[in-house]
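Have a look at the structure below, then the notes.
The values are calculated or read from the model by the stated rules, or taken from the named source; none is laboratory data. As the structure is a computational prediction, the values presented were derived from the model and not from experiment. Backbone-built Cβ (ideal geometry, glycine too); neighbour counts: all protein chains shown. Note: areas computed on protein heavy atoms with side chains; ligands, DNA, RNA excluded. Shrake-Rupley method; radii C 1.70, N 1.55, O 1.52, S 1.80 Å.
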Amino acid sequence: MYPFSNFAYSVFRIFAPAMILTAATVVARADVTLPALFSDHAVLQKSPRVPVWGRATPGETVTITLDKATALATTGPDGNWRTTLDLSTHAPGPHQLVIQATNTLVVPDVLVGEVWLASGQSNMEWPLQKTTDAAAGIAASSNPRLRHFAVKKKTSDTPSTSLEGRWEIAAPETSGNFSAIAWYFGKTLQHELDTPVGLINASWGGTPIASWTSADAFARDSANAADIQRQRDDVLTFPARIRVYARAMQGWMEKYQRIDKTTAQSVASLPSLHQPIDSTWMPVTLPGLDRAAGLPEAGAIWLARRITLPPERANLALVLDLGRIDGFHTVYWNGEEAGRSTPRQGTTPFVRVIVGSSRVRTGDSILAVRIFNPVEKPGLTGGPFRAGTIPLAGPWYVRTEFSLPPLSPQQRASLPRRPVQPPERRKTPSLVYNGMIAPLIPYAIRGTIWYQGESNTGHAWQYRTDLPRLINDWRRQWGQGDFPFLVCQLANYGSKTADPAAPSRIAELREAQTLALALPHTGLATLIDLGEELDIHPRDKRTPARRLADTALSVAYGRPDAPASGPVYLKSTRIPAPPGESAGRIRIHFINTYDGLVARPLPATYRVRSTAGAGEIPLVRNAPAGSQLEGFSICGEDARWTWATACIEGDTVLVWSDAVPRPVAVRYAWADNPTCNLYSAAGLPAVPFRTDTFPVSTENPR
């Protein structure tokens, strides 16, 4: 390094402050930028107040122009700017969105029309390419005025201001990945309104409603705020806590020579479809492994059994509920690993593993579970124990891989305590909202379509609070009034039942969705006839979207010719028994009958699944012989439900049973997968309902 001369040093002392200031100024300057929503092929809402925002150098004036609409903004000290454009009278375009500051941004091919947010879980996420008649629909999907923006899946600890995604024009090369519900919904609106439609798809399979709700909304709920905060804290602190445990557990196992000894050879020796389970395996009955004789007090064991899947189960994801496993486990499906737990994961009450659809085939498969417990006897005891709907309780085979000696009291006392595994981040309150919804705000939208609830059926009663809270939360965060919020009611799913008193969490959640109609500018698309017994993802997305679009045309656009929904329960009245009969009646009154009520003919058979391999099976009828309608049940004050006779009289339905002399309550389509046939003349199914207020199964969940 060369030393400074005296002259150079003097010059440096004089000019250094100015040089540093100049450098700082250069660093502080920033080109004007826009969020990903304002990019090529964007659709902006036709509205008098369309927010536009971005970043630039603090204090800089930004000019925003689209056609004849112009607005100015001054960048704040934090580098953010925001303004609004009046696009209420603008033609569809295409236009250029021009942003001018020290640099100029030109966003080409921007349309002005109707923008809808599509959100929820997997049935909203479900892509067009996996639906009924997908090939024909995709081939004919070219539509330059229908556009889709898929928000990249993301969680965030705090509300994010950035997101990833891009606008895509509907075309055969792009449409297959669009949300099918959103695409068919947008296509119908565009046809009916003759205007461009933009669809923002922010959906994520398996997410509960709390993950889509802001922390601000929970903070306003004094009864639940502390519990929600505890859940969030558990998730946010878990990575650090589990790292500490994993290091401590590894050290403990090394110190006391209790390291796992699994080898590739032990995995290779698993039974296969082509070889019998040999004499090295011992028969055992599960669950209840802790009572099995001859197993090590600590160490590693293997469990195995064959499972036979019927043809209709092929190529459907298979949920394996494996009860409570004591130890670290690895689950194998036909010799390939399907799931595992390690010291880098927390404890869970019960084990659930999902085998991907591509690995599920008709006929025999081998399920194997390896359990390593360095502390005590490897166990599998109690809890849900099934493969899909197939019970797993009963004969299994077990084999010991290696044993470990019992622990001394001193060794046991020094055992690190394993943390409890919190929910996944995508299932944690507010984290999906922070990552996928917050960055969209305040992009102008006409409304929201929402298909979610499958992940909340275990807490259906709480959904009565959850759904209105989310609707009010999003409306408050967007700050553009009570925009339309349209809900897809959960479709029929699961096994049919002949028991009119069978509890149904799905029916309870449908009721909670219906109750949200009490909020202004809400709508409901009833899908009680569009589901599939064996597939929670019905492949027909065209019909649900058409019903949503009709609801939108009614609720959002005031079209009197569009049915807002099928018949909705209004009230009931009790009627004395007719002369010569002993049973009283209950008359059910409806709204939204649209030219009257009809009893749709029911088929003699139905398919349990719309995709490959599912045959027709008989449709069992529950109503008494001679009943015009299916799906009605009735009870007296004893709350003993029985299937009822029901017939249409004008815009009402008369319900009775000879077994219930003094009826007090009626239910309709109150089951996971009901058989029911009440429709409006417009072709829409009646919304499931009950007239009673008896306690339901999720009212006081444990």
Check your understanding: Among the residues of the stretch 587-604, is any surrounded by fewer than 21 Cβ atoms within 10 Å (Cβ to Cβ) and under 29 Å from the mean Cα position of the chain (by Cα)?
Key -> yes
Check your understanding: Here are some residues: Asp499, Asp550. Which one is over 26 Å from Thr188 (Cβ atoms) and among the acidic types (Asp, Glu)?
Key -> Asp499
**Study point:** Lone unmet requirement of (1) closer than 19 Å to Ala682 by Cα; (2) in contact with a Gly (Cβ under 9 Å, 6 or more places away or on another chain); (3) open to solvent by less than 60 Å² (accessible area, probe 1.4 Å); (4) of a type outside the set (Ser, Thr, Tyr) for Asp651
**Key:** (3)
Revision key, fill the gap. Checked pairs for the stretch 97-119, first in contact (Cβ under 8 Å) with a residue 24 or more places away in the chain, second of a type in the set (S, T, N, Q) and not in a strand (DSSP E or B), C-beta under 6 Å and 6 or more apart or across chains, list as Gly113/Thr195; Glu114/Thr195
Check your understanding: Would you call Ala314 open to solvent by less than 30 Å² (accessible area, probe 1.4 Å) and farther than 23 Å from Ile259 by Cα?
Key -> yes
Review point. In the stretch 546-560, how many are surrounded by fewer than 20 Cβ atoms within 10 Å (Cβ to Cβ) and either assigned by the TED database to the domain that holds Gly650 or not small (Gly, Ala, Ser) (or both)?
Key: 4
Practice item. Restrict the check to the stretch 609-621 and report whether at least one residue is touching a residue at least 60 places away in the same chain (Cβ under 8 Å), open to solvent by 70 Å² or more (accessible area, probe 1.4 Å) and not hydrophobic (A, V, I, L, M, F, W, C). Key: no
Exercise for review: Could you list, in sequence order, all residues of the stretch 157-174 that are in contact (Cβ under 8 Å) with a residue 60 or more places away in the chain and not in a loop (DSSP other than H, G, I, E, B)?
Suggested key: Trp167, Glu168, Ile169
Practice item. Identify, by number, the condition in (1) surrounded by fewer than 17 Cβ atoms within 10 Å (Cβ to Cβ); (2) farther than 22 Å from Arg475 by Cβ; (3) modelled with pLDDT under 95 that Asp221 doesn't meet. Key: (2)
**Study point:** Yes/no for Arg476 being farther than 17 Å from Val555 by Cβ and either touching a helix residue (DSSP H, G or I) at 6+ places or on another chain (Cβ under 6 Å) or open to solvent by less than 10 Å² (accessible area, probe 1.4 Å) (or both)
**Key:** no
Check your understanding: Which members of the stretch 96-125 meet the condition of being crowded, with 22+ Cβ neighbours inside 10 Å and of a type outside the set (A, V, I, L, M)?
Key -> Gly113, Glu114, Trp116, Ser119, Gly120, Gln121, Asn123, Glu125
Review point. Touching a helix residue (DSSP H, G or I) at 6+ places or on another chain (Cβ under 6 Å), in a loop (DSSP other than H, G, I, E, B) and open to solvent by 30 Å² or more (accessible area, probe 1.4 Å) - does that describe any residue in the stretch 672-687?
Key: yes
Check your understanding: Being part of a strand (DSSP E or B) and out of contact with any Phe, Trp or Tyr (no Cβ under 8 Å at 6 or more places or on another chain), is that true of even one residue in the stretch 206-218?
Key -> no
**Study point:** From the options Leu193, Leu270, Leu199, residue that is in contact (Cβ under 8 Å) with a residue 12 or more places away in the chain, over 25 Å from the mean Cα position of the chain (by Cα), in the same structural domain as Thr174 (by the TED database) and open to solvent by less than 60 Å² (accessible area, probe 1.4 Å)
**Key:** Leu193
Study note, to complete from the structure: Being open to solvent by 30 Å² or more (accessible area, probe 1.4 Å) and either at pLDDT below 95 or over 21 Å from Met124 (Cβ atoms) (or both) narrows Pro563, Pro500, Pro579, Pro567 down to just Pro579
Review point. Checking Asp133 against (1) open to solvent by 10 Å² or more (accessible area, probe 1.4 Å); (2) at pLDDT 95 or above, which single condition isn't satisfied?
Key: (2)
Point to revise | Filter result (among the acidic types (Asp, Glu) and either open to solvent by less than 50 Å² (accessible area, probe 1.4 Å) or outside the structural domain of Ala136 (by the TED database) (or both)) within the stretch 155-174 | key: Glu168
Exercise for review: At least 1 residues that are on the phi < 0 side of the Ramachandran plot and surrounded by fewer than 18 Cβ atoms within 10 Å (Cβ to Cβ) in each: list the strands (runs of 3 or more DSSP E) lying fully within the stretch 325-416 that qualify.
Suggested key: 336-340, 352-355, 363-373, 379-387, 394-403
**Study point:** Some residue of the stretch 28-40 being without any contact (Cβ under 8 Å) to a residue 60 or more places away in the chain and open to solvent by 80 Å² or more (accessible area, probe 1.4 Å)
**Key:** no
Check your understanding: Given Lys154, Lys187, which one is more than 24 Å from Asp550 (Cβ to Cβ) and either touching a residue at least 40 places away in the same chain (Cβ under 8 Å) or among the small types (Gly, Ala, Ser) (or both)?
Key -> Lys154
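Here's the yes/no breakdown for (1) over 28 Å from Leu553 (Cβ atoms); (2) open to solvent by 60 Å² or more (accessible area, probe 1.4 Å); (3) among the small types (Gly, Ala, Ser); (4) not in a helix (DSSP H, G or I):
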{"position": "Gly137", "(1), (2), (3), (4)": "no, no, yes, no"}
{"position": "His148", "(1), (2), (3), (4)": "no, no, no, yes"}
{"position": "Gly176", "(1), (2), (3), (4)": "no, no, yes, no"}
{"position": "Asp227", "(1), (2), (3), (4)": "yes, yes, no, no"}
{"position": "Thr237", "(1), (2), (3), (4)": "yes, yes, no, no"}
{"position": "Arg241", "(1), (2), (3), (4)": "yes, yes, no, no"}
Practice item. Enumerate the strands (runs of 3 or more DSSP E) found wholly within the stretch 483-585, keeping only those where 3 or more residues are over 30 Å from Pro695 (Cα atoms). Key: none
Check your understanding: When the stretch 482-497 is examined, which residues are found to be farther than 18 Å from Tyr463 by Cβ and open to solvent by 40 Å² or more (accessible area, probe 1.4 Å)?
Key -> Asp482, Ser495, Lys496, Thr497
Review point. Of the residues that sit in the stretch 278-294 and are open to solvent by less than 40 Å² (accessible area, probe 1.4 Å) and assigned to a loop (DSSP other than H, G, I, E, B), which one is modelled with the highest pLDDT?
Key: Trp281
Exercise for review: May I ask you to list the residues in the stretch 676-702 that are closer than 17 Å to Ser572 by Cβ, in contact (Cβ under 8 Å) with a residue 12 or more places away in the chain and of a type in the set (Ser, Thr, Tyr)?
Suggested key: Thr691
